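The values are calculated or read from the model by the stated rules, or taken from the named source; none is laboratory data. Source: prediction; values computed, not measured. With ideal geometry, Cβ positions are generated from the backbone for all residues, glycine too; neighbour counts draw on all protein chains shown. When the accessible area is computed, the model is the full protein with side chains, heavy atoms only, and any ligands, DNA or RNA have been set aside. Shrake-Rupley method; radii C 1.70, N 1.55, O 1.52, S 1.80 Å.
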Amino acid sequence: MADNNNCGCWTFLKRGVCNSYSTTLSANTIPRNSLVYDAATETRCLNASNRELYPPNEARLSSDNLDPPTSTKSKSPRQLLQFSFQELKSATGNFRPDSILGEGGFGYVFKGWIEENGTAPAKPGSGITVAVKSLKLDGLQGHREWVVEVAFLGQLHHPNLVKLIGYCIEEDHRLLVYEFMTRGSLENHLFRRTIPLPWSNRIKITLGAAKGLAFLHGGPEPVIYRDFKTSNILLDSEYNAKLSDFGLAKAGPQGDKTHVSTRVVGTYGYAAPEYVMTGHLTSKSDVYSFGVVLLEILTGRRSMDKKRPSGEQNLVTWARPYLADKRKLYQLVDPRLELNYSLKGVLKVSQLAYNCLHRDPKARPTMDEVVKVLTPLQDLNDLAILSHHSRLSQQGRRKKKPEGSKSTKDSSLNIGKHRKDEIKLQLCK
Ligand SMILES: Nc1ncnc2c1ncn2[C@@H]1O[C@H](COP(=O)(O)OP(=O)(O)OP(=O)(O)O)[C@@H](O)[C@H]1O
Ligand SMILES: [Mg+2]
């Protein structure tokens, strides 16, 4: 297993050299077929006849497996725009360094502005705000992921998938234009900000991301996402979660097949163990990765963190014993939340994470089941802090202490001790 780049992506496939970049992808060959989510009826309708992008042996590297599915007669309800390189250069102020939103394995992502109803660049602050992802020109893998991304996101439309507005393919330039997600990635909010992400937002994001995965898995021709992680969950102004980065997505098994065999790609700390061992990919591999992200959301710890003591670097390995023991699981909660979390919510999320991380993929829940478990957690108001205060006042009444001898405010500073109280409280229920 070799770490192939600095963002933690890895692959067992020896990367090939691109002999001829496929430039056959143009506005005419971008898929016009669409898997569309109808929010009003909560149904999916599949117009696509074929969304398999590669021959079964994906390891074969040649320009002929770079083409997306060819167009068919059916019309897409949303067509992708084809931008010129010059248009995107102007839209991002010549790819100005101060408009960089982030950098991933694919390359830099820039903030830009385009006119409504077209590809023309707009003045900063006017028209539509977009995120422009620019591919680093270093080989086949990036181009291949670019094609897969256009092919999948051009067809898949759902409120919890980021919207691909268009693309640019011109000489060696490969760019993607997405709707701009105001709050950036979940990774930023969980690990890079000083203000902790509130529990209610964590649940909202978890549910949104789960719905995105459930949509991908639940269609007549399921799609396996393969790269579920906090940096690929983007957030709009209201903390609605949308999955981005479909470069590693793969059509799921067809007919009576139980899995697809692929080269192993993904990100350290997120990939399901059986997939890493065998290359056999199922939708349950995504469920495992979802379990890892659930743990990150619960604990505020990264799935892999080399800065921690050796026994704590791998989050799943560290957390498993806590998840399995109801008396210990409240010790997992992100300490930055203090007591501002739902007691029942933590219990349910922990149980769910435990099930998603089951070593036997068949024992893991489906994403539809995950959505069912998470949905009611949005309405829970049993905050640990409230229960803590009511417990304190009960104790105060019992002991009949004189007023002001021990204020609630002072007590709440001893979070460690009171969290233990809450754990006992929960177990008594
Ligand atoms: N549509 C978008 N709107 C706003 N910010 C975005 C958008 N897409 C990406 N970003 C920002 O750019 C960063 C880099 O994204 P990118 O997907 O290229 O890399 P990554 O997810 O961090 O890593 P990887 O290459 O492993 O997927 C994201 O973390 C996010 O902060
Ligand atoms: Mg990403």
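Below are the figures for this structure:
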item: Pairs beyond 31 Å (Cα-Cα), from Lys133/Lys348; Lys328/Lys362; Lys257/Lys348; Lys229/Lys344; result: Lys133/Lys348; Lys257/Lys348
item: Most to least accessible of Ser310, Ser261 (protein chains only, probe 1.4 Å); result: Ser310, Ser261
item: Shape parameters for the range 90-204, alpha-carbon atoms, Rg then Dmax in Å; result: 15.2, 47
item: Cβ-derived FRET efficiency at R0 60 Å, Glu170 paired with Thr317, nearest 0.05; result: 0.85
item: Of the GluC sites (Glu not before Pro) in the range 99-141, those whose Cβ has at most 15 other Cβ within 10 Å and which sit in DSSP loop; result: Glu115, Glu116
item: For the range 197-280, the spread of Cα positions along each principal axis, largest first, Å; result: 40, 30, 20
item: Whole-Å distance, taken between Cα centres, linking the range 274-320 and the range 193-252; result: 16 Å
item: Chymotrypsin sites (Phe, Trp or Tyr not before Pro) lying in DSSP loop within the range 130-196, provided at most 11 other Cβ fall within 10 Å; result: none
item: Qualifying trypsin sites (Lys or Arg not before Pro) for the range 154-232 [loop in DSSP, other Cβ within 10 Å: at most 14]; result: Arg193
